[in-house]
Amino acid sequence: MYLTFDDGPSENTKKILDVLDKYNVKATFFVTGNGQKYNKYIKEAYEKGHTIALHTYSHKYDEVYASVDAYFKDLDKLGQMVKEQIGFVPKYIRFPGGSSNTTSAKYCKGIMSTLVTEVQNRGYQYYDWNADSTDAQGNRRAVSLLVKNGTSSQAKNINLLMHDTGAKTTTVEALPKIIEHYQKLGYAFKGIDDTSFTPHHGVNN
Ligand code: ZN
């Protein structure tokens, strides 16, 4: 079971870390450069044994998907920011919108087809997801809905999409119930590492 939190760090990162500690489980944080006030939690999460991964510095689709060069310029900037916290540049990444996003076509035709190969040529691996809490579809969605969607997968390996932003307060509230559900089923909770399964969506641009 791979719990993944995109878009942090944020004012909720500490709360998420506390829940993970309480249940003694590990997770993965796909961070951006948009919450630098909270960057110390990148270091804290890493020191607690969670995985730190890259999600783009600006998270602005029109910038990161403007061109292949623009994407890597942004990714390098984020890599350096994270290096200041944990001492190295992570090689695990997640594309904004996932590799299957179609929004990027507005800015650069075919960019995802190039990027999925090029990131791997440059030593990165990208992770989409095969389960979705659906917390990206709105802020403060009902806890019951996030729990229902976040516990709906019965896959052997699960990579669950969640978000770490100030507005996603109900994600923090849903997290204990999601963890309890899968702990009861006997799942092991791990941060992404080199042996993790790599869920890849189909590329649509
Ligand atoms: Zn995101």
Listed residue (Tyr92, Val143, Thr28) projecting farthest to the positive dipole end of the chain, Cβ model: Val143
Around Thr28: net Lys/Arg minus Asp/Glu count, Cβ-Cβ under 14 Å: -1
Rg over Rh [alpha-carbon atoms, Kirkwood Rh] for the chain: 0.94
Crossing angle, helix 169-184 versus the chain [Cα axis fit, 0-90 degrees, rounded to tens]: 70 degrees
In sequence order, calculated HN-Hα J values of the stretch 96-102 (Karplus, 6.51, -1.76, 1.60; Hz; x Gly/Pro): x, x, x, 5, 8, 4, 10
Likely footprinting exposure, Leu54, Leu75, Leu3, fewest C-beta neighbours within 10 Å first: Leu75, Leu54, Leu3
Förster-model FRET efficiency, 22 Å R0, Lys37 and Glu63, C-beta, rounded to 0.05: 0.55
For Ala131, residues with placed amide H under 5 Å, excluding near neighbours: Asn159, Leu161
Once the Cα gyration tensor of the stretch 135-178 is diagonalised, semi-axes √(5λ) in Å: 18, 11, 9
Only Lys, Arg (+1) and Asp, Glu (-1) charged, at Cβ; the chain dipole about Cα centre in debye: 280 debye
Entries in Lys14/Lys48; Lys91/Lys177; Lys15/Lys168; Lys15/Lys73; Lys40/Lys73; Lys83/Lys109 that, when Cα-Cα distance is taken, lie over 20 Å: Lys91/Lys177; Lys15/Lys73; Lys40/Lys73; Lys83/Lys109
The stretch 1-80 - charge dipole about Cα centre, Lys and Arg +1 at Cβ, Asp and Glu -1, debye rounded to 20: 340 debye
Using distinct alpha-carbon pairs, which all enter the 1/r mean, Kirkwood radius of the stretch 1-97 in Å: 13.4 Å
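Coordinate-derived values only; no laboratory data. Please read all numbers here as calculations on a predicted model, not as lab measurements. As a convention, Cβ positions derive from the backbone with ideal geometry for all residues, glycine included, and neighbour counts pool all protein chains shown.
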